[in-house]
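Student: Just dropping this structure here.
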Amino acid sequence: MSLDRARQSIARLRDLTSGKLRVPAAPLTLDGELARELFESQLLARLVDVESHELRARNQGFYTICSAGHEANVVLGRLTRPSDPALLHYRSAAFFVERARAAPEIDAVRDLLLSLAASADDPISGGRHKVFGSVPLGIPPQTSTIASHLPKAVGLAVALVQARRLGRPDAAPADALVVCSFGDASLNHSTAQGALNAASWTAFQHVPAPVLFVCEDNGLGISVRTPTGWVEARMRAMPSVRYTQADGSDLGAVFAAASTAIEHVRQSRAPAFLHLRTERLWGHAGSDLDTEYRSAAEIAAGQARDPVLVSAQALLDAGMLDGAALTALLDAASERVRAASAEAVTRPKLTTRAEVMRPLAPSRPDAVAAEARRGGYAPPPETADKPKPMGLAIREGLSDLMRKHPEMLVFGEDVAQKGGVYGVTVGLWKAFGASRVFNTLLDEQTILGLALGAGQAGLLPIPEIQFLAYVHNAEDQLRGEAATLQFFSNGQLANPMVVRIAGLGYQKGFGGHFHNDDSLAVLRDLPGVIVAVPSRGDDAVRMMRTLMAHARVDGRVCVVVEPIALYPVKDLYDAGDGAWSFPFPAHGEAIELGQVGVYDGDATDLAIVTYGNSVPMSLRAKRRVEAATGKRVRVVDLRWIAPLPLEAIRAHAAACGAVLTVDECRSSGNVAEAVGAAIAEDPALRQVRYARVSSADSFIPLAAAAELVLLSEAEIEAAALALLADS
């Protein structure tokens with residue numbers, strides 16, 4: 001059905017050139033050469049869309065969500081610049097083709113067809129996805145533009161201004177803006193509403209947020225209708241966001257409205273919302289039979305408003321083209337698309353797992369190690385020699401890193417004057433100022449979106465999420481946006497960041513499940529993301545140095561989950577022993593990715609493999625077990641939760657012949673399962689005795705009842721004794 005309608009759209013254009021067809025068109029108000037160029041880009045975009053269906057019919061193409069009816073966005077491709085980052089809707093082919101005029105070396109038609117054919121030669125994704133993207137054109141790829149790119153757009157707009165304030169050498173021009181386009185159905189997504197609210201909230205306080213939101217409103221979310229008037233009513237009520245609208249079938253009207261909106265954003269550094277009334281000429285995608293939910297009359301009315309037809313008619317009416325010239329233009333464009341398509345399907349494809357995964361986790365370990373250990377930027381803290389618990393150590397570590405990395409930002413709810421919910425960031429705001437340490441509104445999507453934007457603007461963001469459970473409100477910003485950018489840009493783009501999350505259980509006298517969440521599964525399954533869990537303050541500082549180096553050198557997305565319950569802990573075995581307080585690590589000290597911590601590494605009767613809160617718990621259990629049995633136990637602190645240090649796990653298993661994994665998180669989906677699998681899958685370790693203990697598959701209740709579902713030291717001790725008894 002879509003293929004037939006796609007072909008018919010070109011047939012109607014030919015009927016227009018011969019005079020067999022006429023469609024209503026407003027008088028053209030644009031300069032003749034400008035109008036012809038815009039129409040040519042619209043036409044090429046349409047022909048690429050038609051070819052996408054032809055390729056799919058021949059099983060040579062793999063994507064049929066098309067731009068037909070949305071070609072009004074061509075105007076935005078002309079009026080904005082490659083220095084204006086563009087986070088685009090999946091119906092933005094005309095924008096892409098038109099912006100490519102700014103870079104004559106780029107053949108937009110060829111690039112789009114390479115992407116449709118999933119060729120490894122596709123210059124943006126390398127065959128990994130069909131996306132609109134180009135580094136030279138300032139278009140980072142968006143792979144799921146339902147609404148997940150909107151928080152990043154707001155964050156990037158804010159970060160463009162911050163980068164200039166901080167004197168970054170690669171900062172965008174002073175009047176740069178961010179373009180962010182999406183559909184009318186996406187407007188209703190909670191992510192979109194959160195991002196629009198964040199832009200409004202920011203601008204309301206006269207903080208610069210130069211972002212142009214472009215809603216291409218075709219009235220449909222696949223088959224669900226957008227109520228007439230809803231988009232306008234919703235956005236006119238949004239404070240501090242300038243609303244402008246235009247008919248997407250009228251090039252002149254769109255040009256005027258877009259010019260006004262863009263000028264407002266450039267001059268005021270405040271957000272604007274451009275509402276374009278568009279058509280969806282075909283089904284949502286090639287497989288969508290829209291005749292099931294659209295009448296023939298509605299489809300015909302949309303075809304009469306086809307922006308490519310209307311633009312052609314306006315050019316004919318204005319005498320800027322005649323039928324012969326239009327035919328020649330159509331023939332030349334058709335041949336260009338056909339030739340590019342024929343070439344694209346012959347180009348190489350991804351053929352190995354290694355090729356596909358290559359951009360996921362870029363690593364230059366020597367450069368990372370050198371950066372992590374780089375010193376000489378500031379003297380160590382005055383209290384460096386004084387042993388301190390984890391919370392104070394992280395505070396000093398962050399301050400030290402702020403001095404090391406002038407592009408580093410710390411932000412999140414409460415992190416400024418208050419110093420964070422647990423006081424970890426106390427003093428940073430006074431020491432480094434509001435440009436580098438600042439509060440955000442209470443919205444985790446916005447916090448992570450700002451991190452995404454800051455990273456792309458050349459900064460080094462360190463956002464704070466107050467509690468592990470809160471990341472679930474925004475996990476798609478990590479999963480769908482942060483973790484995918486290097487993958488779908490073939491390693492050309494990155495959004496470096498180190499996300500700090502206060503998490504895990506065992507808080508005393510406080511909590512409930514929102515403040516004692518005990519599952520790392522949502523973080524561990526993010527391809528390419530580094531996840532760290534320190535168990536002591538000096539380790540936390542050394543690991544943060546390495547995480548920052550991975551972000552700065554390789555553009556990696558990193559997460560550190562800081563065990564809340566260990567923030568104030570000074571003692572290990574007895575009250576006042578101070579055995580869990582440590583001096584500040586000297587510059588030059590860092591813990592490399594995959595490097596585990598080992599206590600009593602010469603013990604060979606049992607290895608306890610663990611992390612986080614469970615490390616001091618296991619050390620206490622170890623002391624009792626050794627006293628009871630006379631056997632010796634080593635404790636291995638994993639430190640790195642993703643990727644797991646598998647080589648170290650196997651080495652300790654081989655050395656001891658018995659392994660107990662102590663996993664403070666829930667038994668399903670967390671670390672113990674992966675450790676057990678790593679041992680079970682190694683033929684050399686088949687004789688290793690293995691057991692695990694973990695917390696229950698339960699949410700954590702309030703007060704003392706939490707101890708009923710959280711892993712206890714008694715359970716660790718009992719499991720260790722049982723394993724040793726089998727030896």
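Student: Net charge near Leu212, counting Lys/Arg +1 and Asp/Glu -1 over other residues with Cβ under 11 Å of its Cβ?
Tutor: Here the charged neighbours net out to 0.
Student: If you place +1 on the Cβ of every Lys and Arg, -1 on the Cβ of every Asp and Glu, and leave all else neutral, what size is the dipole of segment 365-566 about its Cα centre, to the nearest 20 Debye? Don't skip to the end; give the middle numbers.
Tutor: On the way: 19 positive and 22 negative charges, 125 e Å.
The calculation lands at about 600 debye.
Student: Taking all pairs of different Cα atoms in segment 511-561, averaging 1/r and flipping that mean, what Kirkwood radius in angstroms comes out?
Tutor: Working: mean 1/r = 0.0821 Å⁻¹.
For segment 511-561, inverting the mean 1/r across all distinct Cα pairs yields 12.2 Å.
Student: Just to confirm a number: summing +1 for Lys and Arg and -1 for Asp and Glu over residues other than Ala549 whose beta-carbon lies under 12 angstrom from that of Ala549, what do you get? Could you put the intermediate results ahead of the total?
Tutor: Numbers: positive: Arg364, Arg373, Arg374, Lys404, Arg542, Arg545, Arg552, Arg556; negative: Asp366, Glu371, Asp554, Glu592.
Once positives and negatives cancel, what remains is +4.
Student: What is the antiparallel percent of DSSP beta bridges lying wholly in the chain, to the nearest 5?
Tutor: 15
Student: Would you tally the net charge around Arg479, using a Cβ to Cβ cut-off of less than 14 Å, leaving Arg479 out, and scoring K and R as +1, D and E as -1?
Tutor: Residues close to Arg479 contribute a combined charge of -3.
Student: How much of the DSSP bridge set in segment 598-725 is antiparallel, in percent, rounded to the nearest 5?
Tutor: That works out to approximately 10 percent antiparallel.
Student: In whole angstrom, note down how far apart the Cα centers of segment 17-40 and segment 373-426 are.
Tutor: Distance between centres, Cα-based: 61 Å.
Student: With just the Cα atoms defining each centre, how far is segment 197-223 from segment 627-672? Give it in Å.
Tutor: Each part reduced to its Cα centre gives a spacing of 48 Å.
Student: Can you tell me how much longer the chain between Arg294 and Arg353 gets when fully stretched, taken as 0.36 nm per residue apart minus their C-alpha distance, in nm with one decimal?
Tutor: Working: separation 59, 0.36 × 59 = 21.24 nm, distance 4.25 nm.
Here the answer is 17.0 nm.
Student: Output the direction-averaged projected area (hull surface divided by four) of the convex hull of the alpha-carbon atoms of segment 365-566, in nm².
Tutor: Values: hull surface 43.7 nm².
For segment 365-566, averaging the hull's shadow over all directions gives 10.9 nm².
Student: What is the Cα coordinate range of segment 2-347 on the first, second and third principal axes, sorted by size from largest, in whole angstrom?
Tutor: 56, 43, 41
Student: Follow-up. If we count GluC sites (Glu not before Pro) as exposed when they sit in a DSSP loop and have at most 12 other beta carbons within 10 Å, what is the longest stretch of the chain that avoids them all?
Tutor: 383-680
Student: Please figure out what share of the DSSP beta bridges in segment 365-566 is antiparallel and state it in percent, rounded to the nearest 5.
Tutor: In segment 365-566, DSSP labels about 0 percent of beta bridges as antiparallel.
Student: Can you report the principal axis dimensions of segment 1-101 using only the alpha carbons, biggest first, rounded to whole angstrom?
Tutor: Its Cα atoms span 38, 36, 17 Å along the three principal axes.
Student: Once label points are set 7 Å from the Cα along Cα→Cβ at both Glu105 and Tyr573, what is their separation, rounded to one decimal in nm?
Tutor: In this crude label model, Glu105 to Tyr573 measures out at 6.6 nm.
Student: Still on this structure: Defining a contact as two alpha carbons under 8 Å apart and six or more residues distant in sequence, what relative contact order in percent does the chain show?
Tutor: Working: 1576 pairs, mean separation 88.7, N = 727.
After rounding, I find 12 percent.
Student: Just to be sure I understand, if you calculate Cα extents along the principal axes in Å for this structure, which of (1) 96, 74, 54; (2) 72, 55, 51; (3) 98, 55, 46 do you get?
Tutor: Correct label is (3).
Every number here is computed from the coordinates shown, using simple stated rules; none is lab data. Owing to the predicted nature of the structure, the values given are computational and were not obtained by experimental measurement. When we count neighbours, we look across all protein chains shown, and the Cβ atoms used for this are built from the backbone with ideal geometry, even at glycine.
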